[in-house]
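Every number in this text was worked out from the coordinates using simple rules, so none of it is lab data. Quick caveat: nothing in here was measured; it's all calculated off a predicted structure. For neighbour counting, all protein chains shown are included, and Cβ atoms are generated from backbone atoms with ideal geometry for every residue, glycine included.
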């Protein structure tokens, strides 16, 4: 759902016109961005075989409580740098959307509590078990996200700005993700 996270961020731009698209992208990937250093430290782990065949142990960044804490951090950043509740809530919601989208595709590998404290049941609907279905859903989300962003850009560009440049860059980015992440 890597591309799907970016697509949701692009689709969020009309609701958050003052926040740069790059920051929306960062917010949508914040859980994975924090996963990387924890993986480098040996705290969280991933083994990738092919599309949807990853074995993931992200018991801190991808726990429900961990995602809520990281989303609270995104709220704080939004409030600090964009000074509005709208920006803060947008970044927090976008950050938490990562966990919700992962819940759909991940197998049961997402805990409620950080570190899988209490060894409670793990969550995940497991759409990755059906690679073409999950890939098709991700493509659909990407297309819709890009269309929403492109429509907003075309309607809100300054007269001197080439409105299509932003959507073109986002489309190229999305195409690169599609090529890199196909089943």
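Okay, here's what the table says:
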{"read-out": "Burial order of peptide ranges 86-94, 126-134 (average beta-carbon count within 10 Å, highest first)", "value": "86-94, 126-134"}
{"read-out": "0 to 90° range, to nearest 10: angle between helix 131-156 axis and the chain longest Cα axis", "value": "30 degrees"}
{"read-out": "Gyration tensor verdict on region 2-180 (Cα atoms; rounded if a/c is under 1.5, prolate if a/b is larger than b/c, oblate otherwise)", "value": "oblate"}
{"read-out": "Principal-axis tilt of helix 30-40 within the chain, Cα atoms, nearest 10 degrees", "value": "50 degrees"}
{"read-out": "Protection proxy ranking, peptides 8-20, 103-115, average beta carbon neighbours within 10 Å, highest first", "value": "8-20, 103-115"}
{"read-out": "Mean Cα-pair separation over length for the chain, i.e. relative contact order, pairs under 8 Å, 6 or more apart, %", "value": "27 percent"}
{"read-out": "Computed [θ] at 222 nm, deg cm²/dmol, the chain (DSSP H ≥ 4; -39,500 (n - 2.57); rounded to nearest 500)", "value": "-20500 deg cm²/dmol"}
{"read-out": "Interatomic Cα distance distribution for region 1-59, bins of 5 angstrom, percent", "value": "4, 17, 22, 18, 17, 11, 8, 3"}
{"read-out": "For region 73-120: rounded, prolate or oblate by the Cα gyration tensor [a/c cutoff 1.5]", "value": "oblate"}
{"read-out": "Cα-based helix-to-principal-axis angle, 165-180 vs the chain, degrees rounded to 10", "value": "30 degrees"}
